[in-house]
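Take a look at the structure set out below.
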Amino acid sequence: AQLVSTLRHENIVPLFSYGDWNGFLYIVMQLVKGPSLERILHHRRFSPLTAWQIMRPLTEALHFGHGNGVLHRDLKTANVLIEPRGQGNHVFLTDYGLGKRPGMDTTLTAAGISVGTPEYMAPEVAMGTQADERSDLYSLGVLLYEILLGQLPFSAENPQMTALMHVDRPVPHPRMLNPRFPGRIESV
């Protein structure tokens with residue numbers, strides 16, 4: 001809560017208050033009246049232009065956080081909220097629950113070898129190395145892959161195997177999954 005309260009950006013869900021009330025911890029955040037990107041992806045696919053309209057605000061929010069020394073460490077479609085507004089949509093990045101700032105005590109979130117969601121985990125994080133901005137960018141790339149192709153690059157029977165696939169397997173080329181995928185976008 002302390003970490004998120006320092007991040008004031010139009011594409012990061014704002015935290016208004018937090019504390020302890022009669023032994024119950026609470027946080028008060030803005031209500032976003034829209035589904036997660038994860039939920040939307042169950043029902044539709046996105047064109048490259050629409051993917052850009054989602055990714056641009058996410059990159060701006062992430063850049064803002066990194067500029068303030070804050071890593072997200074759990075970028076995934078479930079942590080992206082889309083709120084319909086007028087003629088368009090507003091994109092929010094949420095859930096900095098695994099977020100970290102240099103020097104910050106993260107003993108509550110670092111109990112395992114790696115932190116984050118295995119399907120989106122950067123190889124170095126899967127190997128137990130400390131996350132940095134590049135780790136968030138890798139996860140953002142996986143998120144883009146999923147938006148454009150409707151599936152994740154890696155998924156296995158258990159979380160450990162999925163995380164290790166990011167380490168020792170090349171990312172499947174989009175045109176292998178969809179031969180009509182634009183070659184110029186595949187190179188990105």
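The values are calculated or read from the model by the stated rules, or taken from the named source; none is laboratory data. Remember, predicted model here, so these are calculated numbers, not experimental data. Cβ sites come from the backbone with ideal geometry, for glycine too, and all protein chains shown count toward neighbours. Accessible surface areas use protein heavy atoms only, side chains included; no ligands, DNA or RNA. Shrake-Rupley method; radii C 1.70, N 1.55, O 1.52, S 1.80 Å.
The table below lists the values:
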item: Selection from the stretch 76-112 of residues that are in a loop (DSSP other than H, G, I, E, B) and either aromatic (Phe, Trp, Tyr) or at pLDDT 70 or above (or both); result: Lys76, Gly86, Gln87, Thr94, Asp95, Tyr96
item: Candidates Gly67, Gly19, filtered to the one that is open to solvent by less than 30 Å² (accessible area, probe 1.4 Å) and without any contact (Cβ under 8 Å) to a residue 12 or more places away in the chain; result: Gly19
item: Residue check for Val115: modelled with pLDDT under 90, of a type in the set (A, V, I, L, M, F, W, C), open to solvent by less than 50 Å² (accessible area, probe 1.4 Å) and in contact with an Asp or Glu (Cβ under 9 Å, 6 or more places away or on another chain); result: yes
